[in-house]
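Down below is the structure, laid out as structure tokens.
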Amino acid sequence: MTRLTVDLDTEKTTVTLPGDQGTVTLSAAPLPAPEHGVQLPISDGRLALKTAAPADEYLTITLPWTTEPAFVTRFLTAWAAGEEAALPANQAAGLADYLDLLTRLLTRLGIRSSQAVPTPAKKKAAKARHRFDKALVDRPFHVARHGSTATVYWTGRNEMTVKAGAVLAQEQLINRDGSLRYSTKYGEKLRADHAAAIADGQTIADIHLRSVNEVGLFLYFGDTNGWLELVDDDGHTLDALTKVD
């Protein structure tokens, strides 16, 4: 079961997805374009991506910072037409759970594709779930990736503490066209938010972040599964110690 938060007012309906997966909003008029997301018109209960039909309402999606808006738009365009989106294999695998949740939610909100049963990208494996364990609060986990090094503690259900003395990766990750990846942009935003605790590429005070994902984005711009990068003194990953089957 997936728990969602729904906010209703006279102008829009906003659904907040679990974790750091963003929001989905239906509104009668277009909203300000999201900083990182997509906005699409809806006509007669369908995404009006390839028609000039007047929009009845608008779908606005704020996305996780590790998810490329172009891929989500491409997927929804294909889904609206009853086709399978041609996403890169590495993106299809990583986005499968998110796209499955998104299309199930859109269907429940009354938005239809051109086929009776939507078929998002094939899942290769279910996204791992992890359970917070108070017994690990005082156990240090170490990161060493792309020139970054850090000692990190899982100090609360929604709190990760990066200890002072962490070295931050300096090489920014870019797309093939030379633009910054969204994960790099978000990593830079996190660093800007904690600028007072950073000097010469190192942290000079403890920094508290909300998730393993944010730790990876902050330290090395998050290009991998952060649960596997956090390793204790005995060589156990945080993934292995907290994964729920």
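Residue by residue, here is whether (1) part of a loop (DSSP other than H, G, I, E, B); (2) among the β-branched types (Val, Ile, Thr); (3) under 16 Å from the mean Cα position of the chain (by Cα); (4) surrounded by fewer than 16 Cβ atoms within 10 Å (Cβ to Cβ) holds:
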{"position": "Asp7", "(1), (2), (3), (4)": "no, no, no, yes"}
{"position": "Thr13", "(1), (2), (3), (4)": "no, yes, no, yes"}
{"position": "Pro18", "(1), (2), (3), (4)": "yes, no, yes, yes"}
{"position": "Val24", "(1), (2), (3), (4)": "no, yes, yes, no"}
{"position": "Ala33", "(1), (2), (3), (4)": "yes, no, no, yes"}
{"position": "Gln39", "(1), (2), (3), (4)": "no, no, no, no"}
{"position": "Trp65", "(1), (2), (3), (4)": "yes, no, yes, no"}
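Failed condition for Lys243, given (1) at pLDDT below 95; (2) of a type outside the set (A, V, I, L, M, F, W, C); (3) surrounded by 19 or more Cβ atoms within 10 Å (Cβ to Cβ), with all others met?
Failing condition for Lys243: (3).
For region 126-143, enumerate the residues that are under 19 Å from Gly222 (Cα atoms) and in contact (Cβ under 8 Å) with a residue 60 or more places away in the chain.
If the condition is that a residue be under 19 Å from Gly222 (Cα atoms) and in contact (Cβ under 8 Å) with a residue 60 or more places away in the chain, then Ala128, Arg129, His130, Phe141, His142, Val143 are the ones that fit.
For residues that are more than 16 Å from the chain's Cα centre (by Cα) and either part of a loop (DSSP other than H, G, I, E, B) or at pLDDT 75 or above (or both), tally how many sit in region 76-102.
13
Please verify whether Lys123 is at pLDDT below 80, under 18 Å from the mean Cα position of the chain (by Cα), more than 20 Å from Val212 (Cα to Cα) and assigned to a loop (DSSP other than H, G, I, E, B), treating the condition exactly as stated.
It is true that Lys123 is at pLDDT below 80, under 18 Å from the mean Cα position of the chain (by Cα), more than 20 Å from Val212 (Cα to Cα) and assigned to a loop (DSSP other than H, G, I, E, B).
Kindly provide the set of residues from region 145-194 that are in contact (Cβ under 8 Å) with a residue 24 or more places away in the chain, under 18 Å from Asp233 (Cα atoms) and within 22 Å of the chain's Cα centre (by Cα), ordered by number.
Hits for region 145-194 are Arg145, Ser148, Val152, Trp154, Thr155, Met160, Thr161, Val162.
The values are calculated or read from the model by the stated rules, or taken from the named source; none is laboratory data. Keep in mind that what you see is a predicted model, and the values were worked out from it rather than measured. Cβ coordinates were reconstructed from backbone atoms using ideal geometry, including for glycine residues, and neighbour counts include every protein chain displayed.
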